[in-house]
Amino acid sequence: VPQQVRDGLVAAIALLIFSRNYAAVGRLFGELMLIPPEVLQDEVEMRELELALESAAEATLKFPKDGGVPDVRFDQLLGALLALVPRFKFVLPPYFLNNARALGTLEGMAKSADPNFNILAVVYPYSMSRMLANPN
């Protein structure tokens, strides 16, 4: 997985959890090389993407009332995001789909052992350490 993509995913997790900034998450799809330039350069399309991301997040993330890391079912979040693929002309490289499938499988196995397992609670500390190590 290219370094630019890894850094973009780390930033997307931070933006999602800290500020719920769906517009910034949408822009990061350019860094993640998932959306073609014609979508990224179209303000109307980007606003539609922001709204679609917000809707997907609201349907799949459960933010605690006291703040903190939301609970998520990765497979549901992935399904909601995959529903956006044709609308916004996503380009999903094989490594992206393979890693997403692996994460979904691992999350399912972990939840069968511990129903309270939260993949974002595991990924979040790593994301923050990566951001602090590479603030660019």
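The values are calculated or read from the model by the stated rules, or taken from the named source; none is laboratory data. Please read these numbers as outputs of a predicted model, since none were measured by experiment. Cβ: placed from backbone, ideal geometry, glycine included. Neighbour counts: every protein chain shown.
Couple of notes before you dig in:
- Residue in the range 80-96 that is over 13 Å from the mean Cα position of the chain (by Cα), β-branched (Val, Ile, Thr) and either under 22 Å from Ala14 (Cα atoms) or at pLDDT below 85 (or both) present: no
- Residue count for the range 84-117 under the criterion of being in a loop (DSSP other than H, G, I, E, B), more than 27 Å from Leu40 (Cβ to Cβ) and not aromatic (Phe, Trp, Tyr): the result is 3.
- Unmet requirement for Ala102, which otherwise passes all of (1) in contact (Cβ under 8 Å) with a residue 40 or more places away in the chain; (2) exposed (fewer than 12 other Cβ atoms within 10 Å of the Cβ): (1)
- Matching option when the condition is closer than 20 Å to Tyr124 by Cβ, among the acidic types (Asp, Glu) and in contact with a strand residue (DSSP E or B) (Cβ under 8 Å, 6 or more places away or on another chain), among Asp75, Asp71, Asp66: Asp71
- Just one of the listed residues (Leu132, Leu120) is in contact with a strand residue (DSSP E or B) (Cβ under 7 Å, 6 or more places away or on another chain) and either of a type outside the set (Val, Ile, Thr) or not in a helix (DSSP H, G or I) (or both), and it is Leu120.
- Residue that is modelled with the lowest pLDDT [pool: residues in the range 1-53 that are among the basic types (Lys, Arg) and under 23 Å from Val123 (Cβ atoms)]: Arg6
- On the stretch given as the range 54-79, residues that are acidic (Asp, Glu), at pLDDT 85 or above and in contact with a helix residue (DSSP H, G or I) (Cβ under 8 Å, 6 or more places away or on another chain) total 1.
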